[in-house]
1. Return the pairs, sorted by first residue and then second, in which the second residue is modelled with pLDDT of 95 or more and aromatic (F, W, Y), the first residue lies in region 124-148 and is over 20 Å from Q37 (Cβ atoms), the beta carbons are less than 7 Å apart, and the residues are 6+ apart or on different chains.
2. State all residues of region 140-150 that are assigned to a loop (DSSP other than H, G, I, E, B), within 15 Å of A55 (Cα to Cα) and either over 20 Å from the mean Cα position of the chain (by Cα) or at pLDDT below 95 (or both); if no residue qualifies, say none.
3. From the list T78, T118, T110, T50, pick out the single residue that is within 23 Å of D147 (Cα to Cα), within 17 Å of the chain's Cα centre (by Cα) and polar (S, T, N, Q).
4. Looking for whichever is closer than 18 Å to F48 by Cα, among the aliphatic types (A, V, I, L, M) and surrounded by fewer than 16 Cβ atoms within 10 Å (Cβ to Cβ) here; the options are V94, V105, V121, V165. Which one fits?
5. With the condition kept exactly as written, say whether any residue in region 67-85 is under 18 Å from P140 (Cα atoms), touching a strand residue (DSSP E or B) at 6+ places or on another chain (Cβ under 9 Å) and not in a loop (DSSP other than H, G, I, E, B).
6. Within region 25-56, track down each residue that is of a type in the set (A, V, I, L, M, F, W, C) and outside any loop (DSSP other than H, G, I, E, B).
7. Quickly run through region 2-24 and pick out the residues that are over 17 Å from Q37 (Cβ atoms) and in a loop (DSSP other than H, G, I, E, B).
Amino acid sequence: MKLLFERDEYLARIARVKAAMAGRGIDLLLVASPANQFWLTGYDGWSFYTPQMVALRLDHEEPIWVGRKMDAVGARFTAFLKPENVVPYPDIYVGSAERHPLQFVAEEITRRGWDKGTVGVESDDYYYTAKWDATLRAGPPNARFVDAFLLVNRCRMKKSPAELVFMRQAGQIAALAQKAAFDTAEADELFE
């Protein structure tokens, strides 16, 4: 499958986010927003009904994507990430009263040695629940959690030349669709 953008585009986006992280003293950013995950990695899946997360560390070139095992296949097809940066959690974490996917995320962070320093979370994101937050904070004992809501969104505001090409194409498609609708509609149907 061909990526929507070249690898360099994603790395430039990551560099902008890392600069914002550094400016706020954040060592690790945990991204819950599906839109922000897509923008950072290209991951395009409708599986956000179950927890998934992108973890971006200042001192690593690529982030990691952590999600349900069955969704990791889609992540490998749509994200620009190297295969080792797509980290699936097993289904024993899904719908369980004893385990939660964010426990797996916390364990993965600790396994990688990312459990120290300041961890930014999108605390006001629709997909970042109180349960997610409590589960994460109970995990890495050496981490200090801070709010990083809108950090990625602010970085997304400035569009790259590649993004502008897509936006112009979308505008042309929308204009043609509107023109076709107006040309097809009968004048008397508009005022009934």
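The values are calculated or read from the model by the stated rules, or taken from the named source; none is laboratory data. As the structure is a prediction and not an experimental result, all values here were calculated from the model. Neighbour counts are summed over all protein chains in view; Cβ atoms, including those assigned to glycine, are modelled from backbone coordinates with ideal geometry.
1. Here the result reads R137/F145, each pair linking region 124-148 to a residue that is modelled with pLDDT of 95 or more and aromatic (F, W, Y).
2. P140
3. T50
4. V94
5. no
6. L28, L29, L30, V31, A35, F38, W39, L40, M53, V54, A55, L56
7. Of everything in region 2-24, those that are over 17 Å from Q37 (Cβ atoms) and in a loop (DSSP other than H, G, I, E, B) turn out to be K2, E6, R24.
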